[in-house]
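To start, the structure under review is shown below, and the notes come after it.
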Amino acid sequence: MSDQQKPTDQQDPTSQRLPEPTQTSKQVVRLITATTIGAALLGLSALILTGTVLALILATPVLVIFSPILVPAAALLFLFTVGFLFSGGCCVAAIAALTWIYKYVARNNSPRSDQLQLDHGRMKIASPATDNAEG
């Protein structure tokens, strides 16, 4: 038994524990980069918000002065837009209906169509006669 010794934890490489991860310089660089970019974007958004508020403050008197003109103009523009869209929709519907009518008439006026209608009519007439003959 003394010839066979069990390997200890120090001899077996699979049982050795890895050292705990520590903050490396790569992680520190990532943190600094993320903080810098985040701060820059936060400052940029603050500048944009400030500019928007200032523009609104400066434009408010102009909007109030011209509102008797702008409100009816906006309503008129809205009505024109809705009218053109409705007109276009009716045009598309009319073209679709005319296309369907043309295909329907062209299909039903072909010589083959006449023969099929005659055959269908003959079968309808013959069907009650054969039903009565059998019955």
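The values are calculated or read from the model by the stated rules, or taken from the named source; none is laboratory data. Since the structure is predicted, the reported quantities are computational estimates derived from the model, not experimental observations. Note that we place each Cβ from the backbone using ideal geometry, even for glycine, and neighbour counts take in every protein chain shown. Quick note on the areas: whole protein, heavy atoms, side chains included, nothing else; ligands and nucleic acids left out. Shrake-Rupley method; radii C 1.70, N 1.55, O 1.52, S 1.80 Å.
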- Which residue, of ALA126, ALA55, is modelled with pLDDT of 85 or more, assigned to a helix (DSSP H, G or I) and either surrounded by 10 or more Cβ atoms within 10 Å (Cβ to Cβ) or of a type in the set (S, T, N, Q) (or both)? ALA55
- Is at least one residue of region 20-39 open to solvent by less than 100 Å² (accessible area, probe 1.4 Å), in a loop (DSSP other than H, G, I, E, B) and either of a type in the set (A, V, I, L, M) or at pLDDT 70 or above (or both)? yes
- Please indicate, with yes or no, whether at least one residue in region 84-99 is open to solvent by 70 Å² or more (accessible area, probe 1.4 Å), of a type in the set (Val, Ile, Thr), part of a helix (DSSP H, G or I) and at pLDDT 90 or above. yes
